[in-house]
Amino acid sequence: MQLYLVQHGPALSEDEDPARPLSKVGQHLAKRSAAHAARLGVRVSEIRHSDKLRAAQTALEFEATLGAPRRETEGLHPNDDVSRLRRDVQSLDDNLLIVGHLPFLVRLAAALLCQDESMPVVAFQQAGIVRLDRDEGGRWSLIWAIPPDIMPED
């Protein structure tokens, strides 16, 4: 199973817009990241995202580019407990992409890779993509992490 973790793209500040949608740069980086994922051959059966607008907008770009349906999912907020999602992905067979927030994604990756969510083993960047693979024994490995600044422009 392949698990792709994406931190939402850069958003407007709360002062600019309390809903915190993606900024113009955030929209651009989300499109760029989704296009790069497609070039890499990323295939997922589902895209999950939080109910925060910036995550939904980022997920929308991946949905449009990868063709996988997206679903708003509870438990993906910045400070939510990772244990529920950790259990879910342990039992899934289909590839999954999650668009979320920090520190949640950092803690989820640490919980899967080290069995200790306090070990920050992956540095996320907004609109970057991290790929984790689970082997037949249930062990997770970091396969790659790609920040948006090294992704080619279309």
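The values are calculated or read from the model by the stated rules, or taken from the named source; none is laboratory data. Because the structure is predicted, anything quoted here is derived from the model rather than measured. Counting neighbours? That spans all protein chains shown, and the Cβs are built from the backbone with ideal geometry, glycine included.
What pairs come out if I take residues in the stretch 77-89 that are within 21 Å of GLN2 (Cβ to Cβ) and pair them with residues that are among the basic types (Lys, Arg) whose C-beta lies under 7 Å away, six or more apart or interchain?
Once the first residue is within 21 Å of GLN2 (Cβ to Cβ) and sits in the stretch 77-89, its partners that are among the basic types (Lys, Arg) give VAL82/ARG107.
Out of all the residues in the stretch 91-121, which are touching a residue at least 24 places away in the same chain (Cβ under 8 Å) and β-branched (Val, Ile, Thr)?
ILE98, VAL99
Counting only residues that are over 20 Å from PRO120 (Cα atoms) and surrounded by 12 or more Cβ atoms within 10 Å (Cβ to Cβ), which one in the stretch 70-89 is modelled with the lowest pLDDT?
Filtering the stretch 70-89 for residues that are over 20 Å from PRO120 (Cα atoms) and surrounded by 12 or more Cβ atoms within 10 Å (Cβ to Cβ), the one modelled with the lowest pLDDT comes out as ASP88.
Restricting the first residue to the stretch 127-154 and requiring it to be exposed (fewer than 11 other Cβ atoms within 10 Å of the Cβ), which pairs with a second residue that is part of a helix (DSSP H, G or I) and at pLDDT 95 or above meet a Cβ separation below 6 Å and a spacing of at least six or different chains?
Pairs found: ASP154/ALA35.
Checking the structure you have, find out if any residue of the stretch 20-27 is out of contact with any helix residue (DSSP H, G or I) (no Cβ under 7 Å at 6 or more places or on another chain), surrounded by fewer than 17 Cβ atoms within 10 Å (Cβ to Cβ) and not in a loop (DSSP other than H, G, I, E, B).
yes
Kindly check whether there is at least one residue in the stretch 93-116 that is surrounded by 13 or more Cβ atoms within 10 Å (Cβ to Cβ) and at pLDDT below 95.
No: zero hits.
For every residue, the table says whether it meets (1) free of Cβ contacts under 8 Å to residues at least 12 places away in the same chain; (2) under 14 Å from the mean Cα position of the chain (by Cα).
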residue: MET1; (1), (2): no, no
residue: TYR4; (1), (2): no, yes
residue: PRO10; (1), (2): no, yes
residue: GLU14; (1), (2): yes, no
residue: PRO18; (1), (2): yes, no
residue: LEU22; (1), (2): no, no
residue: VAL42; (1), (2): no, yes
residue: ARG48; (1), (2): no, yes
